[in-house]
Structure formats: C-alpha cells, structure tokens
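Structure first, commentary second.
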Amino acid sequence: MSVLRRITRRVQGVEHGDPLDAAQERRVRAVLALGGVPQADLLDGVQQVRLRLLERAAKGYEAPRDVSAWAAVVASNLAMDWHRAKRRQERLGERLASLRQHEHPSGEDTSVLSLAVAQGLDDLSDALRQVVVLRFYADLPVRSIARELGVPEGTVKSRLHTAVRALRARLHEDEVV
C-alpha cells in the first residue's frame, strides 16, 4: 500500500485517494473565492488544503473531528495569506516606482545599462531576484531582508553574492560593461 493511501486512510478512515470529498472541495473553493482569491488561484488553494490535511496525518496527528470545518478554516487562512502576499508585492512595486521617479537617466549609456540589468534580473530565479530587488532597489539592509523572508542573514548574503555574480557575468557577456 502506498504511503499516500495509508496517510489518506488515516486522515479519513476510508479508502479514498482524496482526503477531501466533493462537497468539502466545493466548500473550500467557496471560502477561497469569498476570501478574494482569484479564480485562477483557486485550484492551488484547494491543493494547499489537501496538502495540509495530508501533512497533519503524516505527523501523526488525529484527523480533525470535522474535516469540512477544519478545511474551511485552513482555506480562510490561505485567503488571508494570499492578500498579505499581494499587499507586500504592491508595497514593493510602489517603492520601486517611487525610486524610478527620482532617477533621471543621463543619456543612452544609462538606458542601455538599465535595460541590460532588467533583462539580467528576469533571468534570475525568483529567490535571487527577490533579494536583489529588496537590497538594491528597496534599499533594505541584509538583516531586514532576512527577517522579512524568514531566512538566515547568511542565506541572504549568499543569494546576493550569487545574483550579483550572475548579473555581472551577463553584463560582460552582453558587452555592456
């Protein structure tokens, strides 16, 4: 018997492949939608609820007395998390926009360099791009970045080093610098 099936059996006490039945899934979708999660992200939210239910069982916790109610609460929390992440992104965008307003490009060289850096940022992984933007565009210190991302300062420094090295290589490769 597969591990997933054993966990699922432990969660519901039945031999279904899915820890959420159809009614519970509809309820989770409704809670997410009413919580403001966009239609395109609803399936991911439902999968997150399933995953948390399976993780709970894998850790040896008893199944919730009312799986439907438990799943609805988890979905509600996921909707709040989605809004927090959206607001964080919006604030970052606003800060970047305000920084760009203060910049005054001086000639073609600056434009070429800016374009090359932007393209280089697009090539970075999400984690590397995130620390570069937070450090150099939002002007946050390493300690603050680490605290906000919930990672050690050494991880932030390592990511910055890797990202800057990749950007530098890209600029040399494109013969911008």
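Each value in this text was obtained by applying a stated rule to the coordinates, not by laboratory testing. Note that this is a predicted model, so its numbers are computed, not measured. Neighbour counts run over all protein chains shown; Cβ positions are idealised from the backbone, glycine included.
Quick notes on this one:
- Scalar couplings 3J(HN,Hα) for the stretch 28-44, obtained by applying the Karplus form with A = 6.51, B = -1.76, C = 1.60 to θ = phi - 60°, are 4, 4, 5, 4, 4, 5, 5, x, x, 6, x, 3, 5, 9, 5, 4, 4 Hz; x denotes Gly and Pro.
- Between A22 and T162, residue separation times 0.36 nm minus the direct Cα-Cα distance comes to 45.8 nm.
- Each residue of the stretch 51-56 is assigned a 3J(HN,Hα), and the resulting list reads 4, 5, 5, 5, 5, 4 Hz, derived from the Karplus form 6.51 cos²θ - 1.76 cosθ + 1.60 (θ = phi - 60°), x at Gly and Pro.
- Protection-proxy order for peptides 46-59, 114-127, each taking the mean of Cβ atoms within 10 Å per residue, highest first: 46-59, 114-127
- A crude spin-label estimate for the pair A118 and R143, with each label 7 Å from Cα along the Cβ direction, gives 3.5 nm.
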